[in-house]
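The block underneath contains the structure these notes are about, expressed in C-alpha cells.
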Amino acid sequence: MKKINLLLAIIALAISACSSEDTPRIDLGTTPENFPVIDGSDSTEPLRRILLCKLLGYGYKWEEYPLNIPERPDAGPRSIRIDFDCTPKQQEHLDKECLLRNNTHRSFINLIDDKVELILTARSISRDEKAYADEQNVSLIEKPIAKDALTFIVNHQNPVQNLSIQQIQDIYTGKTTNWKEVGGEDAKLQPYVRNRNSGSQEKFEMMVMKDLDIIDLPEMYIGQSMMSPYFMIEADRNGLCFTPFYYYSVMVGNKWARAIGVNGAAMTRENIMNGSYPYTSDIYAAVRSDIDRSSMAYSIFEFLTTEQGQAVVEESGYIPLSQYRPRK
C-alpha cells in the first residue's frame, strides 16, 4: 500500500509540473472567437481546460479548488487555472461561455438540445439520455479518447484490501451485510451509491451490477456530487463507495479515502493499462451527428484521437488509448 501511495504522489507531482509551456501551441486555426462551446463530466474538466490552453497557446497551473465548506477549508479537487493571454472580454467569453461546467448527464442533455457543440464525458450516453435523444430525433457520434476505471474506496481505517466481483455484487444486492463476511472486521457494512445518471453511477450499474437489483438505499446514502463519496467514506469507517480512478488519483488523491483492488488486481494505473483490473472504462468525446464537418468543434473532436491529441490526453493525467494493452 505504501508503494501505491508513493506512486500516486509521483503521478500528482509530475502532472503538477506540467504546463502548456512544455510543448508548442497546437495549430488547428483555433482563436478565442471560434473556440467552440464544450461541456462535460466533472472529472474531465482538467482535460477540457488543458485542451483550450494547448489550442490557444495559454499557460496553466494545477491548483486546488476548495468547496467553501467552513469546517473543511481544505476540501476540494484539483483542477486547472488558465493563464489567459488575451483581452478581458475574450477571457470572460472563453471561461464563462465556452468552458461549461456541467455534470455528465446535463452535458448530454445540453448536446442533444444543441446548447453545446462538443462534450467530453466519463461514460457513453445513458439509457435515459438515449431515450430523450430519440424523442428529439437527435443522434450523436461518440468515440473513446482515453482509458479510466471505476474505483472502489473505503475508509483508511478499514483493513480490507481487495474484494471480488461476486463480493461487490453481494454487498450491493444486500446478501452481504457485515465486513467480516469479506475478510474485514465484525461491523455492519454500509454501501453508498451516486445519484441516477451520474457518470460513475451509470458505470456501476452497467459494468458491475448488470441485471442485478441494487438494494434500495435512503437518500442520505446517495452522493449528489463528485466529492460526496469521499466525505461519506471519510466519516464512515464501515462504508464502501465508488469513484472514477482519474478523479481519485489526479484530482483528489487518497487523503479522504483509500482505493481497494478487485479480483486480486490492485487499483493502479499499470493494472488499467494491462487490463488486469476488471472495471476499466472509456472516456468519450461526443458531438451531434448533424454537426457541421467544417466547424472547429468537429476539428477538435477529430483531433482528440490523433497522435497530438492523445499527447494532450496523457498530459492531463488520463491514460491514452495507445497505452492500453490488455494481456492475452
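The values are calculated or read from the model by the stated rules, or taken from the named source; none is laboratory data. Just so we're clear, the structure is a prediction, and the values are computed from it rather than from any experiment. Neighbour counts are summed over all protein chains in view; Cβ atoms, including those assigned to glycine, are modelled from backbone coordinates with ideal geometry. SASA here: full protein model, heavy atoms, side chains in, ligands and nucleic acids out. Shrake-Rupley method; radii C 1.70, N 1.55, O 1.52, S 1.80 Å.
Where residues in the range 185-210 are in a strand (DSSP E or B) and either closer than 16 Å to TYR248 by Cβ or among the basic types (Lys, Arg) (or both), which of them is modelled with the lowest pLDDT?
Quick first cut of the range 185-210, residues in a strand (DSSP E or B) only: 188, 190-191, 193-194.
Add one more test, that the residue is either closer than 16 Å to TYR248 by Cβ or among the basic types (Lys, Arg) (or both), and what stays is 188, 194.
On the way: LYS188: 97, ARG194: 91.
It comes out as ARG194.
Based on what the data block shows, is ASN195 closer than 30 Å to ASP236 by Cβ, surrounded by fewer than 16 Cβ atoms within 10 Å (Cβ to Cβ) and either within 23 Å of the chain's Cα centre (by Cα) or free of Cβ contacts under 8 Å to residues at least 12 places away in the same chain (or both)? Yes; evaluated as a whole, the condition is true for this residue.
Of all helices (runs of 4 or more DSSP H) completely enclosed by the range 211-328, which ones contain at least 1 residues that are under 27 Å from PRO159 (Cβ atoms) and at pLDDT below 95?
Values: elements: 228-235, 269-273, 296-303, 307-315.
So the answer is 228-235.
For GLY184, indicate whether it is within 22 Å of ASP148 (Cα to Cα) and touching a strand residue (DSSP E or B) at 6+ places or on another chain (Cβ under 9 Å).
Numbers: within 22 Å of ASP148 (Cα to Cα): no; touching a strand residue (DSSP E or B) at 6+ places or on another chain (Cβ under 9 Å): yes.
The answer is no for GLY184.
Against the conditions (1) in contact with a Leu (Cβ under 7 Å, 6 or more places away or on another chain); (2) open to solvent by less than 20 Å² (accessible area, probe 1.4 Å); (3) over 22 Å from ASN102 (Cα atoms), GLN169 satisfies every one except (2).
For GLY239, indicate whether it is touching a residue at least 60 places away in the same chain (Cβ under 8 Å), under 29 Å from LYS175 (Cα atoms) and open to solvent by 50 Å² or more (accessible area, probe 1.4 Å). No: the conditions fail for GLY239.
Residues to consider are ASN102, ASN178; find the one that is farther than 19 Å from TYR298 by Cα, surrounded by 17 or more Cβ atoms within 10 Å (Cβ to Cβ) and touching a strand residue (DSSP E or B) at 6+ places or on another chain (Cβ under 9 Å). Give the steps one after another, and end with the answer.
Working: ASN178 fails: surrounded by 17 or more Cβ atoms within 10 Å (Cβ to Cβ).
Answer to the selection: ASN102.
When restricted to residues that are crowded, with 16+ Cβ neighbours inside 10 Å and either modelled with pLDDT under 95 or in a helix (DSSP H, G or I) (or both), the range 133-150 contains 1.
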